[in-house]
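Worksheet: the structure to be examined is printed underneath.
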Amino acid sequence: MQKVKMIAQGRVQGVGFRWGVYSLALEIGGITGRVWNNDDGTVGILAQADDPALMAKFIQEIRKGPTPFSKVSYLDVTMANFDSYPDFKISN
């Protein structure tokens, strides 16, 4: 199981970014985790996948910006250790 924590910076709040990340996880399949807004204007993502190729595709698509109005200027991706999630959800 590959688990990563991501922090997205740029135009990522108020543009449907969290919904786009959620939809992307469902579209790719095999990705579970959480996405949420941070108080500093960034978006946090915890994601896990059994298949490293699926995770690589997920990260690549997030870097592009998962919605037409979002623009990711920087995406910090680090390996993480967190409790497993059975699904992907948008958190507050």
Within the range 56-73, is even one residue within 13 Å of G30 (Cα to Cα), among the charged types (D, E, K, R) and either at pLDDT 95 or above or touching a helix residue (DSSP H, G or I) at 6+ places or on another chain (Cβ under 7 Å) (or both)? yes
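Within the range 1-20, count every residue that is more than 19 Å from Q48 (Cα to Cα) and in contact with a Leu (Cβ under 8 Å, 6 or more places away or on another chain).
Here the count works out to 1.
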Tell me whether the range 33-50 contains one or more residues that are among the basic types (K, R), in contact (Cβ under 8 Å) with a residue 12 or more places away in the chain and within 14 Å of K3 (Cα to Cα). yes
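Conditions tested, residue by residue: (1) touching a strand residue (DSSP E or B) at 6+ places or on another chain (Cβ under 6 Å); (2) in contact (Cβ under 8 Å) with a residue 40 or more places away in the chain; (3) of a type outside the set (V, I, T).
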site: Q13; (1), (2), (3): yes, no, yes
site: R18; (1), (2), (3): yes, yes, yes
site: I31; (1), (2), (3): yes, yes, no
site: K57; (1), (2), (3): no, no, yes
site: Q60; (1), (2), (3): no, no, yes
site: D76; (1), (2), (3): yes, yes, yes
Hey, any hits in the range 19-42 for a residue that's acidic (D, E) and under 11 Å from the mean Cα position of the chain (by Cα)? no
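The values are calculated or read from the model by the stated rules, or taken from the named source; none is laboratory data. These figures come from a predicted structure and were not determined experimentally. We place every Cβ from the backbone using ideal geometry, glycine too, and count neighbours over all the protein chains shown.
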